[in-house]
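Just below is one structure, and these are the notes that go with it.
The values are calculated or read from the model by the stated rules, or taken from the named source; none is laboratory data. This is a predicted model, so every value here is computed, not measured. As a convention, Cβ positions derive from the backbone with ideal geometry for all residues, glycine included, and neighbour counts pool all protein chains shown.
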Amino acid sequence: MQGARSSLKNHYAAIAAFAAAYLLIALLVRNSYYQLIMTLVLVWATMGLSWNLLSGYSGLISFGHAAFFGLGGYTMTIAFVKWGLTPWLGIPLGMLVGVLAAIIIGVPTFRLRGHYFALSMLAYPLALLYVFEWLGYQEETLPMMREAPARYMQFGDQRVYTALALVMTVAAMVISLHVERSRFGRSLLAIKQNQPAAEAAGVHVLKWKMLAIMLSAAIAAAAGGLYAVVLLVVTPPTMFGVLTSAQALIFALFGGVGVYWGPVIGAAVLVPLAETLHAELGHIVPGIQGVVYGSAIIAIVLLAPDGIYWRVHDYLSARRGAPGDAPAVTPSPVAAAAAAGTPEIAIPPAGKPILELDDVARAFGGLKAVDGVSLTIKEGEIHGIIGPNGAGKTTLFNVINGFLPADAGGIRFAGSELLGLKPHEVCRRGIGRTFQVVRAFPRMTLLENVTIGAYVGSASDAEAEAMAYAALERVGLAARAHAIAGGLTTNELRRMELARALAPRPRLILLDETLAGLGHEELEGLIDAIRQVNREGVTVVIIEHTMHAMVKLAHHFSVLDHGKLIASGPPQEVIRDPAVIEAYLGKKWVDRAQHPIS
């Protein structure tokens with residue numbers, strides 16, 4: 001924790017140094033046009049920071065941030081013109097309108113993903129552009145209030161606007177910094193890097209997305225309000241136009257997404273370049289600003305796809321040493337204290353049903369992937385789900401876990417119905433999950449990956465870190481806690497995912513081919529880890545094709561074939577069942593077993 005506080009102070013110092021240097025330069029600039037450019041740099045940096053809070057951290061690309069920018073600008077302007085409301089109050093009012101718009105936009109739009117989300121977001125500012133033109137707000141000019149200029153945010157010295165914009169930008173940077181280092185930001189990054197894994201780890205995806213878009217909208221609306229004050233005039237194309245949204249996106253992409261310095265770097269480079277070229281060559285090459293922004297995107301895609309910040313960061317990290325070479329670590333003192341106070345999981349009474357499936361079915365069109373499956377998982381056992389490829393095993397896990405709705409039947413966990421619950425709600429009930437293909441958050445460390453899973457069972461970030469470290473110890477990865485997940489071996493990734501499922505101390509875990517792709521020694525080590533987890537009181541349900549390992553590991557087998565449960569019982573009995581042999585090897589092998597050749 002002390003290291004985290006020291007790191008936070010370093011970030012504050014860097015932001016303060018930036019603000020002081022920028023203010024000093026602004027005080028030295030005498031040319032009014034360049035003073036305006038310095039103000040616009042900060043306005044667009046703030047707009048880029050607002051876009052980054054949603055799209056940079058969550059990965060949901062927004063082409064519609066002009067909606068919030070324009071609503072902030074028009075709310076402030078109309079309140080000023082119609083009601084005489086000072087911009088000191090009009091800008092906060094615009095922020096409130098932006099937040100309300102974010103709620104209205106977010107609820108339906110977050111049902112979409114990928115390019116569908118991006119294109120749907122584009123529709124909102126375009127619709128608002130036509131609405132404001134239809135309402136007669138083609139051009140609204142702020143009246144000059146010479147008797148009380150400061151009251152109405154009208155200053156003769158352009159550098160005062162630069163100072164106001166700097167305060168706004170620094171505030172947005174500090175907010176972004178705290179988001180990045182909080183449960184909120186880590187949850188958004190988890191959603192960005194692997195949403196199914198985040199959901200399975202207990203992350204409430206819709207909640208964090210809604211908070212992100214509301215905070216993002218408030219900051220964008222503030223930028224729009226100040227932009228209107230500086231320019232003294234608003235029009236629908238300048239406030240809601242496609243270029244407005246594009247600029248926010250371009251500055252963040254150019255500087256670096258997912259980090260608060262990115263949009264600031266992008267705006268600091270591109271705005272002066274575009275405005276200077278427009279002033280010098282605009283009469284020769286109309287629209288040269290668009291050429292600058294288009295060229296910037298092409299250059300960044302070819303040379304630094306993650307942006308300038310990450311390009312420099314990765315280069316410096318490579319010179320210091322590979323991230324995976326991080327030394328062994330110990331948890332922070334607060335985390336260690338929280339871990340010391342965490343009770344051991346008690347071994348439950350043997351034989352009590354914990355998970356009950358009653359005639360569960362799930363079809364994809366005419367294909368019955370799960371066909372009337374009924375089985376009981378007893379508390380404290382290791383229950384193996386086996387069957388040939390395409391038998392419906394992973395589909396069954398997805399139904400239990402809430403990723404897929406069941407078409408029929410019932411699922412009860414510890415006496416409570418699971419059907420209809422979302423994955424994060426299933427996780428909160430006490431069910432962990434791993435995946436057939438490892439779903440890591442590749443830009444996060446091992447500890448951060450597992451901490452995402454611990455959030456659902458913790459009251460504070462320190463407690464979550466302690467739980468995550470304890471889970472890494474349980475699977476033998478504590479010494480690699482600060483290694484970046486993107487550079488791990490298959491064995492380490494499998495163990496990491498197991499640790500993430502164990503971090504919130506679940507009563508039951510679903511392991512989907514956790515042993516796949518491992519060598520003999522790695523296999524034995526992971527089997528030992530699973531056995532130890534089970535001895536500590538966690539019920540294990542595991543899908544696996546490595547049959548010799550499953551026979552040694554599982555207490556009970558259930559066999560699926562074409563979605564149906566064809567056998568269930570002790571492993572030694574099940575593997576000799578003719579129906580199971582036929583499902584795996586074909587009918588001729590059953591005949592050979594029954595009529596061996598003498």
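GLY586 meets all of the listed conditions (1) within 21 Å of GLY392 (Cα to Cα); (2) under 46 Å from the mean Cα position of the chain (by Cα); (3) modelled with pLDDT of 80 or more but one, namely (3). No other residue among GLU417, GLU425, GLU448, GLU465 is touching a Ser or Thr at 6+ places or on another chain (Cβ under 9 Å) and among the acidic types (Asp, Glu) apart from GLU465.
Results for (1) under 13 Å from SER558 (Cα atoms); (2) assigned by TED's automatic domain parsing to the domain that holds ILE543; (3) assigned to a loop (DSSP other than H, G, I, E, B); (4) of a type in the set (S, T, N, Q), shown as yes or no for each residue.
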site: ILE377; (1), (2), (3), (4): yes, yes, no, no
site: GLY390; (1), (2), (3), (4): no, yes, yes, no
site: ILE400; (1), (2), (3), (4): no, yes, no, no
site: ALA406; (1), (2), (3), (4): no, yes, yes, no
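Of the candidates VAL233, VAL174, VAL167, the single residue that is out of contact with any Phe, Trp or Tyr (no Cβ under 7 Å at 6 or more places or on another chain), β-branched (Val, Ile, Thr) and without any contact (Cβ under 8 Å) to a residue 40 or more places away in the chain is VAL167. Check TYR293 against each of (1) touching a helix residue (DSSP H, G or I) at 6+ places or on another chain (Cβ under 7 Å); (2) free of Cβ contacts under 8 Å to residues at least 60 places away in the same chain; (3) within 30 Å of ALA481 (Cβ to Cβ); (4) of a type in the set (Phe, Trp, Tyr) and name the one condition it does not meet. Result: TYR293 passes all but (3).
Checking each residue in the range 427-451 for being among the hydrophobic types (A, V, I, L, M, F, W, C) and more than 19 Å from the chain's Cα centre (by Cα) picks out only ILE431. Taking the range 198-217 as the search range and keeping residues that are buried (at least 24 other Cβ atoms within 10 Å of the Cβ) and more than 23 Å from ALA459 (Cβ to Cβ), which one is farthest from the chain's Cα centre (by Cα)? It comes out as ALA217. When the range 449-496 is filtered for residues that are under 22 Å from ASP512 (Cα atoms), of a type in the set (D, E, K, R) and surrounded by fewer than 24 Cβ atoms within 10 Å (Cβ to Cβ), the ones remaining, listed by number, are GLU473, ARG474, GLU492.
Within the range 302-316, residues that are among the basic types (Lys, Arg) sit with their Cβ atoms under 8 Å from residues that are part of a loop (DSSP other than H, G, I, E, B), at 6+ positions apart or across chains, in these pairs: ARG311/GLY256; ARG311/ALA304.
If you check GLY256, GLY266 for being more than 30 Å from ARG505 (Cα to Cα) and touching an Asp or Glu at 6+ places or on another chain (Cβ under 7 Å), only one passes: GLY256. When ALA406, ALA361, ALA369 are checked against the criterion of being of a type in the set (Gly, Ala, Ser), surrounded by fewer than 20 Cβ atoms within 10 Å (Cβ to Cβ) and within 32 Å of the chain's Cα centre (by Cα), ALA361 stands alone in meeting it. Among what's in the range 36-58 and is within 15 Å of VAL170 (Cα to Cα) and touching a Pro at 6+ places or on another chain (Cβ under 7 Å), pick the residue that is surrounded by the most Cβ atoms within 10 Å (Cβ to Cβ). Ranking the candidates gives GLY48 first. Only one entry of GLY415, GLY366, GLY372, GLY420 meets the criterion of being touching a residue at least 24 places away in the same chain (Cβ under 8 Å) and not hydrophobic (A, V, I, L, M, F, W, C), and that entry is GLY372.
For the range 436-450, indicate whether the set of residues that are assigned to a loop (DSSP other than H, G, I, E, B), without any contact (Cβ under 8 Å) to a residue 12 or more places away in the chain and among the β-branched types (Val, Ile, Thr) is non-empty. Yes, the range 436-450 contains at least one residue that is assigned to a loop (DSSP other than H, G, I, E, B), without any contact (Cβ under 8 Å) to a residue 12 or more places away in the chain and among the β-branched types (Val, Ile, Thr).
Taking the criterion of being surrounded by fewer than 24 Cβ atoms within 10 Å (Cβ to Cβ), within 18 Å of ASP577 (Cβ to Cβ) and touching a strand residue (DSSP E or B) at 6+ places or on another chain (Cβ under 6 Å), the residues of the range 374-390 that qualify are SER374, LEU375, HIS383. State whether the residues of the range 68-79 include one that is touching a residue at least 24 places away in the same chain (Cβ under 8 Å), over 18 Å from VAL242 (Cα atoms), surrounded by 17 or more Cβ atoms within 10 Å (Cβ to Cβ) and out of contact with any strand residue (DSSP E or B) (no Cβ under 8 Å at 6 or more places or on another chain). Yes, the conditions are met somewhere in the range 68-79.
Of all the numbered requirements in (1) surrounded by fewer than 24 Cβ atoms within 10 Å (Cβ to Cβ); (2) touching a residue at least 40 places away in the same chain (Cβ under 8 Å); (3) not charged (D, E, K, R), LEU85 misses one, and that requirement is (2). Exactly one residue out of VAL264, VAL230, VAL292, VAL257 is of a type in the set (Val, Ile, Thr), part of a helix (DSSP H, G or I) and within 24 Å of ASP314 (Cα to Cα): that is VAL264.
Filtered by the rule that a residue be among the basic types (Lys, Arg), under 26 Å from GLU473 (Cβ atoms) and in contact (Cβ under 8 Å) with a residue 60 or more places away in the chain, the range 532-567 gives a lone residue, ARG535. Evaluating ARG159 against the criteria (1) in the same structural domain as THR86 (by TED's automatic domain parsing); (2) under 20 Å from the mean Cα position of the chain (by Cα); (3) over 30 Å from PRO506 (Cβ atoms); (4) at pLDDT below 95 leaves one unmet condition, (2).
Restricting attention to the range 535-554, the residues being farther than 15 Å from ILE509 by Cβ and not charged (D, E, K, R) number 7. Residues that are surrounded by fewer than 14 Cβ atoms within 10 Å (Cβ to Cβ) and under 29 Å from the mean Cα position of the chain (by Cα) within the range 251-294 comprise just one, GLY294.
Here PRO423 clears all of (1) touching a helix residue (DSSP H, G or I) at 6+ places or on another chain (Cβ under 6 Å); (2) surrounded by fewer than 20 Cβ atoms within 10 Å (Cβ to Cβ) except the condition numbered (2). Filtering PHE68, PHE63 for residues that are part of a loop (DSSP other than H, G, I, E, B), in the same structural domain as ILE219 (by TED's automatic domain parsing) and under 25 Å from GLY255 (Cα atoms) leaves a single hit, PHE63.
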